[in-house]
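Taking it in order: structure first as structure tokens, then the write-up.
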Amino acid sequence: MNEMEIRKPYELEQLTPEQLGGEIRLLASQARRMALSYAVEIGHRLTLAKEKVAHGEWLDWVARETTLSQSSANKMMRLYEEYGSRQESLFGAEVNSSALTNLSVSNALALLAVPAEEREKAAKDLDAEHLSSRELKEAIAERDAARKQLQTAEARLEDTQKELAAQFEAATALNRKLTEAREGLREEAAQAEQNKRELKARIKESKIGRAGQQECRD
């Protein structure tokens, strides 16, 4: 977003209420961006100082050399850790997205609850620039809850699919066994029928043989 030209008092007098509202919004956006940029810069210097201060003297150094509480110092160092390595891409003149650069410090801190690789998209999707810190935290919590519910539903679906696949495999195996059993029974029935015919033929032949022998004796 381009920096707004600072107008002279008489120029402001000429602006319409709508134009004044637009300038107010722009100034507020620039103030938020500068606050976050300064917080990252402060965090950078705190990080460097912590590396140089003797072990065990850090808390005293923060209290003695800065106007910050230990909590505020930690937050700014965290901002530098999360945003500082990408500061040129986040706060430089060639930024294509304002999703992160226009955040307030409190909202930038709230977004640390989101994984770094998802942060910019989450800021856009949740419209983080225009939410209060409380609203953003609630939106992130709702987003995480919805994602957890989706993951749970997907896990249940996967378990159901696995169970159905196992049932299908078992049914297929049972059907295969039943088919094999039917084939076996048909073969046994056919063999029994063949044995029956052969037995009848032998009995008939035996009867004919005995009848012939009887005729010869007569």
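Values for this structure:
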item	result
Gaussian network model of the chain, Cα within-10 Å springs - most flexible of A153, A165, A192	A192
Listed residue pairs exceeding 31 Å between alpha carbons, taken from K52/K75; K124/K148; K52/K124; K121/K162	K52/K124; K121/K162
Computed accessible area, E193, all protein chains, 1.4 angstrom probe, square angstrom	80
Calculated FRET value between Q70 and Q30, using beta carbons and R₀ = 30 Å, to 0.05	0.50
GNM result for the chain, Cα springs below 10 Å: residue of T67, T101, T172 fluctuating most strongly	T172
Listed candidates (i) 0.98; (ii) 1.69; (iii) 1.07 - label of the one calculated as Rg/Rh (Cα atoms, Kirkwood Rh)	(ii)
Note, ³J(HN,Hα) from phi for the stretch 153-159, Karplus 6.51, -1.76, 1.60, rounded to Hz, x at Gly and Pro	5, 5, 5, 5, 4, 5, 5
Under Karplus coefficients 6.51, -1.76 and 1.60, residue-wise ³J(HN,Hα) of the stretch 108-124 in Hz, glycine/proline x	4, 5, 4, 6, 5, 6, 9, x, 4, 6, 10, 5, 5, 5, 4, 4, 5
Cα centre as origin, Lys/Arg/Asp/Glu Cβ charges: the chain dipole, Debye	1500
Leading residue at positive end of dipole, the chain (Cβ point charges), from Y38, L48, A139	A139
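The values are calculated or read from the model by the stated rules, or taken from the named source; none is laboratory data. Only a predicted model underlies this, so the values are computations on that prediction, with no experimental measurement involved. Positions of Cβ are generated from backbone atoms using ideal geometry, with glycine treated the same way; all protein chains shown enter the neighbour counts. Ligands, DNA and RNA are excluded from the accessible area calculation, which covers all protein heavy atoms including side chains. Shrake-Rupley method; radii C 1.70, N 1.55, O 1.52, S 1.80 Å.
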